[in-house]
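Remarks on the structure that follows.
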Amino acid sequence: QGIPYYIESKTGYFSSSEIRGILELVRVLDNPRQDIPLYGALRGYWGDFSEEEIAQIKLAGQEKGMCLYDCLMAKAAENNGSGSFLTEKCRRFIRFIDNWRDRVIYLQIRELLTGLISQTGYEEWCRALPGGEQRSANLQLLLAQAASFDKMGLRGIFDFVRYIDQVHHR
């Protein structure tokens, strides 16, 4: 009905799929060798990989005991002639991650998140889901938290992840 409201529960906010999704990606940008956030980014909006595809990726390095990121790199490096659909999908995802990891160096966190949300169509995708207006408001709240982080003079994704974890666990 367009009636503005405020939710006190920080737990609900952080467990919302749109916030979890972007924070998983931020954790991957900080360190792609974290299996759980990488799995979330691969399964979610950013990668759109199925569970079966991720299992195939993991099998690419199973005998070597590699982390999921190294398996993804191995799958992307496969050279089997024309290249499979999954191999190409892995290459696109790695290019996406590398592109945004390059930007981390010179962008403030709010700029980084704003770019991720707007340039990838993430906010529009979130708006199209049930409860889209609230999802969009949640993203705006995350951007406000990123602006607060930037105003404190802090920099870097690692520190932002720690900041968000502290806010979440208050």
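The values are calculated or read from the model by the stated rules, or taken from the named source; none is laboratory data. Keep in mind that what you see is a predicted model, and the values were worked out from it rather than measured. A quick note on method: Cβ atoms are made from the backbone with ideal geometry, for glycine too, and the neighbour counts reach across all protein chains shown. Ligands, DNA and RNA are stripped out before the accessible areas are found, and what is left, the full protein with its side chains, is counted by its heavy atoms. Shrake-Rupley method; radii C 1.70, N 1.55, O 1.52, S 1.80 Å.
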Checked against (1) part of a loop (DSSP other than H, G, I, E, B); (2) touching a Phe, Trp or Tyr at 6+ places or on another chain (Cβ under 9 Å), D159 satisfies every condition except (1)
Region 128-154 - residue that is outside any helix (DSSP H, G or I) and among the aliphatic types (A, V, I, L, M) and, of those, surrounded by the most Cβ atoms within 10 Å (Cβ to Cβ) | L154
Test: residue in region 54-75 that is farther than 30 Å from Y163 by Cβ, basic (K, R) and modelled with pLDDT of 95 or more = no
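Against the condition open to solvent by 50 Å² or more (accessible area, probe 1.4 Å) and either in a helix (DSSP H, G or I) or of a type in the set (G, A, S) (or both), how does W125 come out, does it pass? I'd like the intermediate steps shown before the answer.
Numbers: open to solvent by 50 Å² or more (accessible area, probe 1.4 Å): yes; either in a helix (DSSP H, G or I) or of a type in the set (G, A, S) (or both): yes.
Yes: the conditions hold for W125.
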